[in-house]
Amino acid sequence: MSPALERGIVVLGAGPAGATVALGLRRLGHAVTVVGVPRAFDAIEGVSDRVLAGLRGVGIEAALAAIEAPSPRRATWAGVSTSLNSERLVDRAAFDRLLWQELQDHGIECIAARVLRWVPGNEGHGLQIQRPGDTQAQTLRARFVVEARGRLAPHAAQGVRRGPETVALLWRGQGAPGGEAGSAVESLPEGWAWTARLPGGAIALQLTVDPAAVDLPPRAQLGAYIRQRLSTVACARPFLDVPANEVHALARTSGAVLAPEVCGEHWLRVGDAAMAADPLSGNGIFQSLSSALQAPMVIHTLLNHPADAPHARRFHRERVHGLFDRFARIGRDFYAQELRWADEPFWASRLAWPDTVPAHAAAGDAAPRIEERPVVDRDRIRLAEVVVTADQPLGIWHIDGLQLAPLWRAVQAAPGREAEVMAQMPGVAPERAQALLRWMRAQGWL
Ligand SMILES: Cc1cc2nc3c(=O)[nH]c(=O)nc-3n(C[C@H](O)[C@H](O)[C@H](O)COP(=O)(O)OP(=O)(O)OC[C@H]3O[C@@H](n4cnc5c(N)ncnc54)[C@H](O)[C@@H]3O)c2cc1C
């Protein structure tokens, strides 16, 4: 076996989450190494403009070339057809390739290798990696590990939270370039279909079902099965009518999943490795960015400010769990719009999961209270007083550049004299104070 490599922070996986963390850590002055292999399968996915903004925000530019201009998105859901919104389609293989190159252009060490084994330890982690073409594995020792291997990242079986079992049957084809790009989604008795076409002629057909409720064909017949089923689906027909050669057909587990633990003293899980959403939301990349964006500050705190380490871990855990619950409930409400097949297994299990808690609590549901909670303060996490409300359960620290908790405490202590108290707040201009008071009233706090 070759001699062990010694590294500081090692990120496993170079998808959007791993890349985001690596770039953020580098910006904070940390030496970081990324170990990754390209995805095993190609995919076309849809993203919104906020994903673009998020990627730009972390310094990703060149990889954006793989994201197409917005194209029409048709939807037939609960029997209603709309073609109002658009989405940006992205060829994930091309995007991930550009991302890998871009990390290196930013000066980040990238090791093209598969991670075979990760043995965590408080005095350092042992990673077994294998480069393409090598017959032997190599050991990489790391002080801190960021797990960003997406849905493929292993985790303990106990304590994992899963949504209803879901499998996506994917057919990829290649037709001639040109023609109209776009995508379409439609609800079906046994699940839903998503179809897309890129300007370069790549075509994606996706059938999402409950594997226990459908007789799935043997692998060799999967492509024919997907095409045959979608040939009876109105929204999919334009995507089937163009001649295209099959590139692959495969089945991917795609249900929502939350890892049993998302951080320790010397490791952190981000992106789909921490929590993966039902792809119906079309928000997977957005969510993976959400959990990865603040991870560099969490890691910086764990490494450089040990006294605040428990707050940093709590911060990461609460955010990942909050994201998981929020998107699970939004998904439930979206599925609930389709009433025609509420008794079918696919729909029945999704209407009841995760719970009956509203996806969006109304701002005035409970009186705002002041609590000490972890916040991001520039490059680190620390405790601060925040105002916790029903719709902001993690708390609001600042608003319009002002710390909210002292202002809310003062206002609460002077019923009937709120305007007067705010006008006297040191360091707050009178017009800002009045605007803030109006905002508190609009939230139903007063
Ligand atoms: C069927 C389906 C459809 C989807 N459609 C959409 C969509 O339309 N829009 C959207 O926003 N999201 C969609 N998603 C979700 C999206 O793909 C993910 O949420 C997103 O890619 C997560 O990013 P990530 O960086 O966490 O993980 P990934 O993008 O999965 O990146 C993980 C990386 O780790 C690498 N890796 C894995 N194992 C190893 C190993 N052992 N060693 C080294 N490297 C390894 C992988 O090759 C990969 O490069 C869909 C998901 C599914 C399942």
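Tabulated values for the structure
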| quantity | calculated |
| --- | --- |
| Under-5 Å amide H pairs with A14, H placed in peptide plane, nonlocal only | V37 |
| Inter-label distance for R131 and D215, nm, one decimal - labels placed 7 Å from Cα along Cα-to-Cβ | 5.1 |
| Linear extension gain, A352 paired with Q424, 0.36 nm per residue minus alpha-carbon span | 20.9 nm |
| Cα Rg, Dmax (largest Cα-Cα span) when computed across the chain, Å | 24.1, 77 |
| Fully extended contour minus Cα-Cα distance, from H305 to D241, at 0.36 nm per residue | 17.1 nm |
| Distance (nanometres) between label positions extended 7 Å along Cα→Cβ at A410 and R39 | 5.1 |
| Environment charge at A53 (Cβ cut-off 15 Å; Lys +1, Arg +1, Asp -1, Glu -1) | 0 |
| Residue list for region 303-343, given a label point 7 angstrom along the Cα-to-Cβ vector of D379 and an amide N cut-off under 18 Å | 303-309, 312 |
| Rounded FRET efficiency, nearest 0.05, which uses the C-beta distance separating R56 from R369 and R0 of 60 Å | 0.95 |
| Helix-derived mean residue ellipticity, 222 nm - over the chain, DSSP H n ≥ 4, -39500 (n - 2.57), to 500 | -9000 deg cm²/dmol |
| Mean Cα-pair separation over length for the chain, i.e. relative contact order, pairs under 8 Å, 6 or more apart, % | 14 |
| Neighbour-count order for T301, T208, T33, T232, fewest beta carbons within 10 angstrom listed first | T232, T33, T208, T301 |
| Taking T166, T356 and counting other C-beta atoms within 10 Å, the order from fewest to most | T356, T166 |
| Efficiency of FRET between A361 and R143 - r from beta-carbon atoms, R0 41 angstrom, step 0.05 | 0.50 |
| 3J(HN,Hα) from dihedral phi, region 184-196, Karplus parametrisation 6.51/-1.76/1.60, rounded to Hz, x for glycine, proline | 8, 10, 8, 7, 9, x, 9, x, 8, 10, 9, 10, 8 |
| Contour excess over end-to-end distance, with Cα ends at D333 and N122 and 0.36 nm allotted per residue | 71.7 nm |
| Scaled radius of gyration (Cα, divided by 2.2 N^0.38 Å) that region 369-442 gives | 1.12 |
| Pair S83, A435: separation of 7 Å Cα→Cβ label points (nm) | 4.3 |
| Residues I299, I9 arranged by fewest to most Cβ contacts within 10 Å | I9, I299 |
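Coordinate-derived values only; no laboratory data. In this text the structure is predicted, and so the values were computed from the model without any measurement. No Cβ is skipped: glycine too gets one built from the backbone with ideal geometry, and neighbour counts run over all protein chains shown.
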